[in-house]
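Have a look at the structure below before the remarks.
What follows is calculated from the coordinates using simple rules that are stated; it is not laboratory data. This is a predicted model, so every value here is computed, not measured. We place every Cβ from the backbone using ideal geometry, glycine too, and count neighbours over all the protein chains shown.
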Amino acid sequence: MATSAAAHHVLVLGGHGKIAQLLTPLLLQRGWAVTSVIRSSEQVAAIEKLGDSRKGRLSVLVRSIEDVKSEAQARAVLEEAGRPDYVVWSAGAAGKGGPERTFAIDRDAAVHFIRASAAPSSGVTRFLLVSYNCSRRTKPAWWDGASWTAAQEINSRALKTYYAAKVVADEALYAASKGRTDGGFVGIDLRPGTLSDEPAWGVELGKTKGSAGKVSRASVARVADQLLAADGVKNSWIDMLDGDEEISAAAKRVVEEGVNAAEGESVF
């Protein structure tokens with residue numbers, strides 16, 4: 001898998017989140033520019049430290065993603081950020097503020113940013129959305145019945161609102177990328193299992209054998225970095241858990257083989 005030698009400008013939405021703070025230094029180390037969108041001025045100092053001794057240029061933009069209520073408002077944030085060519089969505093309500101806030105951020109704002117980014121005039125060519133591996137409507141052929149039952153249990157109980165919001169955003173990204181017949185906009189939906197704060201290690205990437213399992217946030221960040229830099233990555237859902245395959249090798253395989261866990265979904 002070749003990696004792009006060109007410098008890119010990445011807009012990281014939800015820049016103060018744990019995955020975003022692990023991803024940002026990796027992108028900067030490539031010599032890329034990063035604009036990190038955070039919700040509070042109190043978070044600025046912590047984000048600015050991520051740029052210390054890195055090759056790239058880091059900018060911080062304080063804006064409330066929750067207040068983005070239209071595609072036009074999302075487009076205004078893209079313009080204010082300096083027209084990035086890559087966008088990473090790592091934002092979320094994190095279960096705070098009730099169902100209304102989850103829908104406002106994880107569904108509505110995400111869809112607004114996806115559609116604004118997918119417009120040919122935006123200049124955005126890749127959009128990486130961090131979702132989760134149970135966000136789907138149909139049992140995948142590579143899962144057994146127990147895995148699907150477990151996923152349905154999670155989606156109907158513990159993560160009911162989150163699931164209802166995320167699956168809409170996931171489908172919107174896939175449809176937006178699929179709808180760009182010129183191939184100028186690629187939607188990458190990275191879908192980890194239960195997140196942990198363990199160090200990055202090996203992964204199971206692409207079509208995981210089941211739904212249950214943990215994955216390190218550091219591994220998620222490293223996979224996201226690899227996918228953003230990869231030549232030839234296509235519109236896809238990419239599930240991941242902790243596993244035995246080395247991260248760069250796993251990302252290379254998934255890209256070269258065109259692995260797509262959206263298979264079986266109506267949007268596919």
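In terms of other Cβ atoms within 10 Å, MET1, MET240 run from fewest to most in the order MET1, MET240.
Rounded to the nearest whole Hz, the Karplus-based 3J(HN,Hα) values (6.51 cos²θ - 1.76 cosθ + 1.60, θ = phi - 60°) of segment 158-163 follow the sequence 4, 10, 4, 5, 4, 4, with x at glycine and proline. Note on segment 207-224 and segment 136-173: Cα centroid distance 16 Å, given to the nearest whole angstrom. Taking other C-beta atoms within 10 angstrom as a stand-in for reagent exposure, TRP142, TRP237 fall in the order TRP142, TRP237, fewest first. Which of these values of Cα extents along the principal axes in Å was calculated from the structure shown: (i) 56, 45, 36; (ii) 47, 41, 39; (iii) 53, 39, 37? Entry (ii).
Checking the table LYS69/LYS139; LYS160/LYS252; LYS69/LYS252; LYS160/LYS214; LYS49/LYS166 against a 26 Å threshold on Cα-Cα, which pairs fail? Listed pairs above 26 Å: LYS69/LYS139; LYS160/LYS252; LYS69/LYS252; LYS49/LYS166. Annotation: amide H-H contacts under 5 Å for ASN133 (H modelled 1.01 Å from N, sequence separation of 5 or more, or interchain): GLY193.
Each of the peptides 49-56, 171-178, 149-156 was scored by the mean count of other Cβ atoms within 10 Å over its residues; in descending order, highest first, they stand as 171-178, 149-156, 49-56.
Between the amide H of ARG57 and those of ALA33, VAL34, distances stay under 5 Å, these residues lying 5 or more places away or on another chain, with hydrogens modeled in the peptide plane. The separation of segment 42-65 from segment 84-128, counted between C-alpha centres, amounts to 19 Å. For the peptides 95-105, 218-228, 198-208, the ranking by packing is 218-228, 198-208, 95-105, with the highest mean count of neighbouring Cβ atoms within 10 Å listed first.
Once a ≥ b ≥ c are taken as the square roots of the eigenvalues of the Cα gyration tensor of segment 132-268, is the result rounded (a/c under 1.5), prolate (a/b larger than b/c) or oblate (a/b not larger than b/c)?
oblate
Using C-alpha pairs below 8 Å separated by at least 6 residues, the relative contact order for the chain is 19 percent. Among beta bridges identified by DSSP and lying wholly in the chain, the antiparallel ones come to about 15 percent.
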